[in-house]
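I have placed the structure first, in the form of structure tokens, so that the comments after it can refer back to it.
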């Protein structure tokens with residue numbers, strides 16, 4: 001584990017070019033297993049989850065050439081092999097479950113390890129994914145250390161499915177299975193996040209036949225084989241929002257490159273609830289504040305200002321902690337509602353160490369009473385990427401030295417994150433925990 005030392009109180013200023021979206025990069029990496037042709041990806045970030053998946057590819061005999069300096073990855077699964085009895089997928093990484101469709105399509109067998117969890121957001125069930133694999137014809141056997149999946153027929157078979165909720169990873173697993181399945185598959189209640197659209201665009205580039213991008217209904221006609229391609233990732237909207245929020249909470253002026261401002265109207269309105277104006281000009285976005293942050297009062301009497309997070313096109317749940325940090329800083333009260341995860345809001349005690357006032361109403365809802373005097377503190381992050389970042393944000397806004405313990409999850413999603421913040425004038429450093 002690593003800790004972050006934060007010397008806060010400096011307004012951050014400057015320009016940042018964000019990295020690619022982890023939630024697009026990882027499913028695209030998994031999708032490359034579907035083709036035997038060479039693939040080149042540009043803009044691949046140097047994050048721990050990428051390293052883990054590439055190590056799996058190497059262990060399975062794939063050709064992998066990764067240059068983290070340029071972000072260019074060449075991968076070729078021509079001579080890849082897999083044996084469900086001995087080959088293991090990465091544990092403690094949720095995205096490893098998206099390796100299953102490629103393995104089923106290529107080898108007729110795959111595994112799901114017992115500890116496929118990712119961030120500690122509460123119960124993260126695998127049943128929706130297993131159901132998808134079964135609907136495409138996979139047979140599932142529970143073993144002592146995980147699940148083994150087998151496809152007795154020659155190919156996966158197309159089907160129509162309606163998910164319980166708009167799960168990103170379930171949607172991506174369905175599309176991965178359907179791309180090479182026999183026949184036409186349809187998915188209702190599909191996730192439509194920008195990174196899901198980017199993932200589908202990559203598969204289309206390989207030759208997959210996908211209809212309905214950006215909607216809740218996807219139709220995929222299976223093809224016999226997929227080809228190779230070159231693909232460049234777009235900027236991560238999570239990282240764009242994070243750097244804009246860091247500028248706002250420190251009273252600075254940060255500009256972030258943003259080639260997709262059309263994805264931001266609701267996010268812009270959410271920033272406005274804290275007195276932050278987002279301006280998009282000439283491919284760049286910046287946060288403008290007019291004095292101290294202040295919560296915008298609702299016109300409806302006797303209700304709190306609200307930020308509700310759910311599947312796209314709602315505010316993404318991954319970004320909710322970023323806005324919680326603004327809620328701690330801004331004068332006024334806000335209710336934050338995570339409509340997906342039941343274990344992602346239980347870090348109010350860490351905010352209180354800064355002097356922040358936050359009340360956990362239930363496992364899904366938190367109320368912040370912002371604008372209170374804040375002081376430097378030593379806090380401990382749960383294993384949730386953007387909670388660690390939110391605690392860093394609060395610390396960066398307070399003059400003095402703070403410590404964010406167990407901040408390692410940041411490295412799972414944001415390459416060179418601390419270096420980027422320091423380029424804006426922050427004084428932050430990694431130190432190893434004892």
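All of the numbers you see were taken from the coordinates with simple rules; none came from a lab. Keep in mind that what you see is a predicted model, and the values were worked out from it rather than measured. Don't worry about glycine lacking a Cβ; one is built from the backbone with ideal geometry, like all the others, and counts go over all protein chains shown.
General observations
- Residues in the stretch 375-420 that are in contact (Cβ under 8 Å) with a residue 60 or more places away in the chain, assigned to a helix (DSSP H, G or I) and out of contact with any helix residue (DSSP H, G or I) (no Cβ under 7 Å at 6 or more places or on another chain): 392, 395, 418, 420.
- You will find that of 242, 171, the residue that is assigned to a helix (DSSP H, G or I), free of Cβ contacts under 8 Å to residues at least 60 places away in the same chain, touching a helix residue (DSSP H, G or I) at 6+ places or on another chain (Cβ under 9 Å) and surrounded by 23 or more Cβ atoms within 10 Å (Cβ to Cβ) is 171 and no other.
- Failed item, numbered, when residue 137 is tested on (1) within 30 Å of residue 316 (Cα to Cα); (2) in contact with a strand residue (DSSP E or B) (Cβ under 9 Å, 6 or more places away or on another chain): (1)
- Note on the stretch 349-368: residues that are more than 14 Å from residue 323 (Cα to Cα) and part of a helix (DSSP H, G or I) amount to 4.
- Odd one out for residue 321, checked against (1) surrounded by fewer than 16 Cβ atoms within 10 Å (Cβ to Cβ); (2) within 30 Å of residue 213 (Cβ to Cβ): (1)
- Scope the stretch 176-209; condition in contact (Cβ under 8 Å) with a residue 12 or more places away in the chain, more than 21 Å from residue 162 (Cβ to Cβ) and assigned to a helix (DSSP H, G or I); matching residues: 194, 195, 198, 201, 202, 203, 205, 206
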